[in-house]
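Note sheet for the following structure.
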Amino acid sequence: MNDTWRTDLLDQLEFYWAAHLMPRLAGLTDDEYFWEPVSGCWSVRPGTDGEYHLEQFSPDPPTPPLTTIAWRVVHVGRDIFGTRARAFFGPTPGPDDADMYDTRHWPEPLPHTGADAIAFLEQAYTLWHDGVAALSDEELRQPLGPKGAAFAEEPMAKLVLHINREVMAHGAEICLLRDLYQAHRDREDPLVAACLAGDAATVAAVLAGWHGDVDVAGVRAARPELVAEAAGLRHWSVVRELVTAGFEVNGGRISALHSAAAAGALDEVRFLVEHGADLAATDAEFGLPPAGWADHFGHTATADYLRHPS
């Protein structure tokens with residue numbers, strides 16, 4: 001174990017938390033939080049006492065039910081971070097002899113809104129992170145002791161590694177559930193579904209009013225990134241239909257112009273620029289303008305045009 005052991009352990013968790021998980025949880029709605037993709041999911045539900053409780057059995061059934069985002073958020077926040085942090089680093093409302101699995105370490109009400117869930121995760125993460133950050137390398141080598149229950153002889157460093165893995169695994173599951181929820185919602189709207197499928201004929205028909213039950217203005221307002229999404233999928237005919245119909249040309253973390261530049265699609269780049277695409281806009285991932293994306297992917301003619309449009 002070298003002098004950077006604690007730093008390396010924390011860096012792994014910090015990077016995942018700040019660069020991957022928390023950005024993906026931005027805007028979590030209450031409907032998403034409790035969404036059940038199939039019947040019979042385990043979730044967080046109100047009990048007869050009026051408080052919300054995590055559905056689970058011990059031991060797990062042979063085939064555990066699929067779980068909601070709410071279930072996984074509470075499991076990560078309370079069971080993975082919270083009870084361990086309070087058991088080992090304190091202070092805790094639980095008994096002194098309570099081990100790291102004892103939920104008496106975390107008696108607070110469980111979150112039952114999307115916004116509360118984010119705050120709950122941040123609170124639990126901070127408790128665990130700051131506790132680990134205060135450990136010396138020698139303390140990381142020490143066995144967990146009685147609070148580690150069946151893992152009493154294992155070193156603290158091994159628990160830290162285990163928690164890093166657990167958070168990444170459950171975090172990935174939460175992100176996948178968000179993706180599935182969005183795909184489910186997208187399929188409910190004929191215009192959005194057609195855009196993402198690259199079905200330009202249906203998009204044109206909807207925009208022309210042939211599907212009177214579609215609220216085009218509502219979609220335009222609710223999905224300012226729709227042009228960017230279609231461009232990211234290289235559905236150029238859809239992009240043209242949407243832009244011509246007045247949809248936002250500069251929406252999205254990665255704009256439609258960035259995607260066209262990356263593809264070297266010079267005709268599409270010209271079309272977007274002629275319809276108000278921002279040549280100087282930088283993407284949210286690399287901080288580059290569209291010309292920088294064209295450079296990176298080796299599209300010299302496209303990059304030249306973006307720097308000197310005419």
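Just to verify a result, which residue in the range 145-154, among those that are of a type outside the set (Gly, Ala, Ser) and surrounded by 15 or more Cβ atoms within 10 Å (Cβ to Cβ), is farthest from residue 77 (Cα to Cα)?
The extreme case among them is 151.
Of the residues 239, 273, only one is in contact (Cβ under 8 Å) with a residue 24 or more places away in the chain, surrounded by fewer than 24 Cβ atoms within 10 Å (Cβ to Cβ) and over 24 Å from the mean Cα position of the chain (by Cα); which?
273
Is one or more of the residues making up the range 12-27 on the phi > 0 side of the Ramachandran plot, within 25 Å of the chain's Cα centre (by Cα) and modelled with pLDDT under 95?
yes
Give the residues of the range 43-54 that are in contact with a helix residue (DSSP H, G or I) (Cβ under 7 Å, 6 or more places away or on another chain) and not hydroxyl-bearing (Ser, Thr, Tyr), sorted by residue number.
44, 54 - these are the residues of the range 43-54 that are in contact with a helix residue (DSSP H, G or I) (Cβ under 7 Å, 6 or more places away or on another chain) and not hydroxyl-bearing (Ser, Thr, Tyr).
Go through 128, 106 for me and flag whichever is under 12 Å from residue 80 (Cα atoms), in the same structural domain as residue 71 (by TED's automatic domain parsing), crowded, with 18+ Cβ neighbours inside 10 Å and modelled with pLDDT under 95.
106
Out of 157, 169, 231, I need the residue that is in contact (Cβ under 8 Å) with a residue 60 or more places away in the chain and either among the hydrophobic types (A, V, I, L, M, F, W, C) or buried (at least 19 other Cβ atoms within 10 Å of the Cβ) (or both). Which one?
157
Just to be sure, is residue 216 among the β-branched types (Val, Ile, Thr) and crowded, with 19+ Cβ neighbours inside 10 Å?
The answer is no for residue 216.
Of the residues 218, 212, which is more than 30 Å from residue 293 (Cα to Cα), of a type in the set (Gly, Ala, Ser) and part of a helix (DSSP H, G or I)?
On inspection, the qualifying residue turns out to be 218.
Scan the range 131-144 for residues that are surrounded by fewer than 17 Cβ atoms within 10 Å (Cβ to Cβ) and in contact with a Pro (Cβ under 9 Å, 6 or more places away or on another chain) and jot them down.
141, 142, 143
Among the numbered criteria (1) buried (at least 17 other Cβ atoms within 10 Å of the Cβ); (2) touching a Leu at 6+ places or on another chain (Cβ under 6 Å); (3) assigned to a loop (DSSP other than H, G, I, E, B), which one does residue 98 miss?
Result: residue 98 fails condition (2) only.
Looking at (1) in contact with a Leu (Cβ under 7 Å, 6 or more places away or on another chain); (2) touching a residue at least 24 places away in the same chain (Cβ under 8 Å), which one does residue 206 not meet, given that it meets all the others?
Status for residue 206: all satisfied but (2).
Since residue 36 meets every condition but one in (1) surrounded by 11 or more Cβ atoms within 10 Å (Cβ to Cβ); (2) not in a loop (DSSP other than H, G, I, E, B), which condition does it not meet?
(2)
Can you name the condition, by its number, that residue 90 falls short on among (1) at positive phi; (2) buried (at least 18 other Cβ atoms within 10 Å of the Cβ); (3) of a type outside the set (D, E, K, R)?
Of (1) at positive phi; (2) buried (at least 18 other Cβ atoms within 10 Å of the Cβ); (3) of a type outside the set (D, E, K, R), only one is false for residue 90: (2).
Mind listing just one residue for me: the one in the range 37-65 that is within 27 Å of the chain's Cα centre (by Cα) and of a type in the set (Gly, Ala, Ser) and, of those, nearest to residue 111 (Cα to Cα)?
Applying the filter and picking the extreme gives 43.
The values are calculated or read from the model by the stated rules, or taken from the named source; none is laboratory data. Model, not experiment: these values are computed from the prediction. Reconstructed Cβ throughout: ideal geometry from the backbone, glycine too, with neighbour counts over all protein chains shown.
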